[in-house]
Amino acid sequence: MLTALVLLCLGAFILYLRFRIRRPKNFPPGPTPVPFFGNLLQLDRTNPLKDFDKFAQRYGSIYGLFIGSQPAVLLTGQKMIREALITQAVEFAGRPDNMMVSHITNRKGVIMANYGESWREHRRFALTTLRDFGLGKRSMEQRILEEVKYICSHLEESAGKSIDPEHLYHQAASNIIASIIFGSRFNYQDEYFQILITSIKKLTKIVIGQWAMLYEIAPVLRIFPLPFCKAFQYYGEIKNHILKVVDEHKKSRVTGEPRDLIDCYLEELEKRADQRTTFDDSQMATLLFDLFGAGTDTTSNTLHTLTLYLMTHTHIQEQCQREIDEVLGDREHVTFEDRNAMPYVQAVIHEGQRVGDIAPLSMFHTATTNTQLRGYNIPKGTIIIPYLSSALRERSQWKFPHEFNPQNFLNDKGDFVKPDAFMPFSAGSRVCLGENLARMELFLILVTVLRRFRLVWPEDAGEPDFKLIYGGTQSVKPYRLTRKRDTVAPQRSFRSHTDTET
Ligand code: HEM
């Protein structure tokens, strides 16, 4: 019996030695990892953000963790994040290649592409194409305003009923990016459209969930038909749609007259036919997937959370409406330029982004080379996690870090100011590629809707819940809204706090 026990202990010790995780020399300090799981068992599986805060209190604004056996460094606070992503931009511009999402997209396109020529060429192409969006005859602004008409008519039709705005915003954001890249929008009732949107939402959920984690730390499981296989299926559904549209474009396009981003890419392919280039059909499909996916959840979740705050802080909604009326007067349409004359609305939108905290952990980066940060060694390939939420609610950076208060973005004279800690789009060479589009969407949609409607928290809806549901992209829980046509709201305010749900 004793011999068996000794042998068991010895076996366990040998296994421990075999799978023990070794901290690289002079690696940032952090909690002790256990074999195989690293520090994953010390993190709340449904929402690790509070654990990250606790570690930051103990180890400081930079600390080391292990995701399985893979070393990772967590960056907390705006100064630390900027130092890594801006001052040492190139050294930390990589992407992990062992994540499920990098396998799904084959590391092509932009989002999961590693730092290098292909990422650079595709990022540059996408940015220029989005920026010069005089494509065809319609500007980006016109495309957004066209979609806003559908949002308004949907709200118009909902008179006397309460609606779930989440789906409406998802459809609108998805349609705007679809119109830019595919050249056409979907009808809100279109079943196929619902399938695509649902696939994006489910895929986003799976790739940051527990099954993805298992996929990443235990490659041996990948051969089994476990729930992570669904992610590949959802990706396949979206990609099939993309390939179909690309095929149609190849048949119908006219050289020199691009209608959308696909036509622009096909033209680039033609131009580069005799050159060495990273452009090809499969890169194009992943780039389209990246833009369609990234352009759907993000802006719509921001609008969803912001609308909840506006309905429940009616004095803020009213003040926006007064400013909008003053600036627009009799004019039918708002333009993006009008934002410069609307400091309060600007402050409200930015505050919505701050408390909405859409991408709490940004996207993971990696070190592109062996380097140092704050005197610590960071080996090539280390995962770098910019903890964006920590900057968005950093006590020393905000007048009111834990409440919804547009004063966070206004100075004493009432001018709009943007503190350095405002980084929902991240920073540096990987900063969100759709930032300008997203800012334009948020402004044009919100101003048009608030100009026409008063958004009201239904009388029978109880207390609003401001907690964010943790995810790769976060949002508040589903809720319902009613709308009134007049824009003068009775005063109604609820206490809000900006915690993430645990
Ligand atoms: C409110 C809306 C949005 C927010 C808060 C947001 C936030 C982010 C964040 C945090 C990242 C990661 C940056 C990093 O790795 O450091 C990112 C990357 C990216 N976003 Fe957005 N995003 C938004 C809207 C959009 C839209 C509308 C598009 C579509 C054009 C888009 C396309 C992308 C792409 C392609 C990347 C990858 C960039 C790269 O790896 O080089 N985003 N976004």
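A few comments on the model shown:
- Among the candidates Leu85, Leu127, the residue that is under 18 Å from the mean Cα position of the chain (by Cα) and surrounded by 20 or more Cβ atoms within 10 Å (Cβ to Cβ) is uniquely Leu85.
- Residue list for the range 298-336, filter: surrounded by fewer than 18 Cβ atoms within 10 Å (Cβ to Cβ) and either more than 19 Å from Ile144 (Cβ to Cβ) or among the acidic types (Asp, Glu) (or both): His315, Gln319, Arg322, Asp325, Glu326, Gly329, Asp330, Glu332
- Being surrounded by fewer than 23 Cβ atoms within 10 Å (Cβ to Cβ) and more than 12 Å from the ligand (Cβ to nearest atom) is a property that holds for Thr368.
- For the range 65-113, a residue qualifies if it is more than 14 Å from the ligand (Cβ to nearest atom) and under 23 Å from Gly293 (Cβ atoms), and the qualifying residues are Ile67, Asn98, Met100, His103, Ile104, Asn106.
- Condition met for Ile176 (surrounded by 20 or more Cβ atoms within 10 Å (Cβ to Cβ), within 13 Å of the ligand (Cβ to nearest atom) and either modelled with pLDDT under 90 or not hydroxyl-bearing (Ser, Thr, Tyr) (or both)): yes
- The range 447-502, subset at pLDDT 80 or above and hydroxyl-bearing (Ser, Thr, Tyr), residue nearest to Ala359 (Cα to Cα): Thr473
- Residue within the range 69-77 that is at pLDDT 95 or above, out of contact with any helix residue (DSSP H, G or I) (no Cβ under 9 Å at 6 or more places or on another chain) and not polar (S, T, N, Q) present: yes
Yes/no matrix, rows are residues, columns are (1) more than 16 Å from Leu85 (Cα to Cα); (2) touching a His at 6+ places or on another chain (Cβ under 7 Å); (3) of a type in the set (Gly, Ala, Ser):
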{"position": "Ser362", "(1), (2), (3)": "no, no, yes"}
{"position": "Ala367", "(1), (2), (3)": "no, no, yes"}
{"position": "Arg374", "(1), (2), (3)": "no, no, no"}
{"position": "Lys380", "(1), (2), (3)": "no, no, no"}
{"position": "Ile383", "(1), (2), (3)": "no, no, no"}
{"position": "Ser389", "(1), (2), (3)": "no, no, yes"}
{"position": "Arg395", "(1), (2), (3)": "yes, no, no"}
{"position": "Trp398", "(1), (2), (3)": "yes, no, no"}
{"position": "His402", "(1), (2), (3)": "yes, yes, no"}
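- The range 386-415, residues that are hydrophobic (A, V, I, L, M, F, W, C), touching a residue at least 12 places away in the same chain (Cβ under 8 Å) and surrounded by fewer than 22 Cβ atoms within 10 Å (Cβ to Cβ): Trp398, Leu410
- Residue match in the range 302-317 (condition: touching a helix residue (DSSP H, G or I) at 6+ places or on another chain (Cβ under 8 Å), assigned to a helix (DSSP H, G or I), away from the ligand (no atom under 16 Å from the Cβ) and of a type in the set (S, T, N, Q)): yes
- Any hit, the range 263-277, residues being within 16 Å of the ligand (Cβ to nearest atom) and in a helix (DSSP H, G or I): yes
- Looking at Leu455, Leu433, just one residue is out of contact with any His (no Cβ under 6 Å at 6 or more places or on another chain), more than 16 Å from the ligand (Cβ to nearest atom) and not in a helix (DSSP H, G or I), and that residue is Leu455.
- Beta carbons closer than 9 Å, at least 6 apart along the sequence or on distinct chains, pair a first residue in the range 356-377 that is within 30 Å of Ser475 (Cβ to Cβ) with a second that is basic (Lys, Arg) and within 8 Å of the ligand (Cβ to nearest atom) for Ser362/Arg430; Met363/Arg95; Met363/Arg430; Phe364/Arg95; His365/Arg95; His365/Arg430; Thr366/Arg95.
- Those strands (runs of 3 or more DSSP E) of the range 361-412 in which 3 or more residues are over 21 Å from the mean Cα position of the chain (by Cα) and farther than 22 Å from His313 by Cβ occupy 371-373, 376-378.
- Selection over the range 416-430 of residues that are touching a residue at least 60 places away in the same chain (Cβ under 8 Å) and assigned to a loop (DSSP other than H, G, I, E, B) gives a count of 8.
- Consider the range 100-154 and keep the residues that are of a type in the set (S, T, N, Q) and part of a helix (DSSP H, G or I). The one that is modelled with the highest pLDDT is Ser118.
The values are calculated or read from the model by the stated rules, or taken from the named source; none is laboratory data. Quantities reported herein were computed from a predicted structural model and do not represent experimental measurements. With ideal geometry, Cβ positions are generated from the backbone for all residues, glycine too; neighbour counts draw on all protein chains shown.
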